[in-house]
Amino acid sequence: MVGAIAAAAAIDASSSASAWTRIAAHEAALTAHALRGLAGVPGVRIHGDDDPGRAPRRLGVVPFEMAGVKHGRVAARLAAEHAIGVRSGCFCAHPYLVHLLGLDDAQTRAVQRRLAADDDSDTPGLVRISFGIGNTLDDVDALVAALRAIATEASAPAE
């Protein structure tokens, strides 16, 4: 019952045009801030439009990869060590991710064969951050700091 009441209140609060304008502006500010921050993290490659100036014309969703660290590992470390939730993998958009990652037909077939054999140890994918109304610029800064820490460890020489 509490969930239904909360959902109704959220729908009511966000149903006006001015509310949607504020929500879109908030999402654009978070996205621009994230794009600026991620640009300074060693090894991070953003897939898609990475220009903070165009943030108002895009969604608050940023897919990226980190050199030397598998997507699932980045997501697991963000969650376990920094209490930051992201998504990793192909996001139910496998053909699009194949395109973004530049996999050719032979590579795609090899991945399909491994998956069919229950081997998901080297499945291609990305990490995706997504923003919502409850996120803040401090949340973005925490994400960027966490990714810097992961990148620093990934680039450190093995002992």
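Within the stretch 99-122, work out how many residues are closer than 16 Å to E65 by Cβ and open to solvent by 40 Å² or more (accessible area, probe 1.4 Å).
In the first step, residues of the stretch 99-122 are kept if they are closer than 16 Å to E65 by Cβ; the result is 99-103, 107, 111, 122.
From what's left, open to solvent by 40 Å² or more (accessible area, probe 1.4 Å): 99, 101-103, 107, 122.
Within the stretch 99-122, residues that are closer than 16 Å to E65 by Cβ and open to solvent by 40 Å² or more (accessible area, probe 1.4 Å) number 6.
Look at A151 and say whether it is of a type outside the set (V, I, T) and open to solvent by less than 60 Å² (accessible area, probe 1.4 Å).
On the way: of a type outside the set (V, I, T): yes; open to solvent by less than 60 Å² (accessible area, probe 1.4 Å): yes.
Considered against the rule, which asks whether it is of a type outside the set (V, I, T) and open to solvent by less than 60 Å² (accessible area, probe 1.4 Å), A151 comes out as yes.
Taking the stretch 52-98, which residues are exposed (fewer than 14 other Cβ atoms within 10 Å of the Cβ) and more than 28 Å from I133 (Cβ to Cβ)?
A67, G68, P95
Of the residues R36, R73, which single one is in contact with a helix residue (DSSP H, G or I) (Cβ under 6 Å, 6 or more places away or on another chain), in a helix (DSSP H, G or I), under 22 Å from L143 (Cβ atoms) and free of Cβ contacts under 8 Å to residues at least 24 places away in the same chain?
Values: R73 fails: in contact with a helix residue (DSSP H, G or I) (Cβ under 6 Å, 6 or more places away or on another chain).
Only one candidate qualifies: R36.
Filter the stretch 123-140 down to residues that are more than 14 Å from S88 (Cβ to Cβ) and either buried (at least 17 other Cβ atoms within 10 Å of the Cβ) or within 14 Å of the chain's Cα centre (by Cα) (or both), then give me how many there are.
Final tally of qualifying residues: 5.
Would you confirm whether or not the stretch 121-137 contains a residue that is out of contact with any Leu (no Cβ under 6 Å at 6 or more places or on another chain), of a type in the set (A, V, I, L, M, F, W, C) and over 19 Å from L59 (Cβ atoms)? Break it down into steps so the answer makes sense when it comes.
Step one: list which residues in the stretch 121-137 are out of contact with any Leu (no Cβ under 6 Å at 6 or more places or on another chain), which gives 121-123, 125-130, 132-134, 136-137.
Among the residues that remain, those that are also of a type in the set (A, V, I, L, M, F, W, C) are: 126-127, 129, 133, 137.
Among the residues that remain, those that are also over 19 Å from L59 (Cβ atoms) are: none.
No, the conditions are met nowhere in the stretch 121-137.
The values are calculated or read from the model by the stated rules, or taken from the named source; none is laboratory data. On a predicted model such as this, the values are computed, not experimentally measured, just so you know. When we count neighbours, we look across all protein chains shown, and the Cβ atoms used for this are built from the backbone with ideal geometry, even at glycine. Keep in mind that these areas ignore ligands, DNA and RNA; they rest on the heavy atoms of the full protein, side chains included. Shrake-Rupley method; radii C 1.70, N 1.55, O 1.52, S 1.80 Å.
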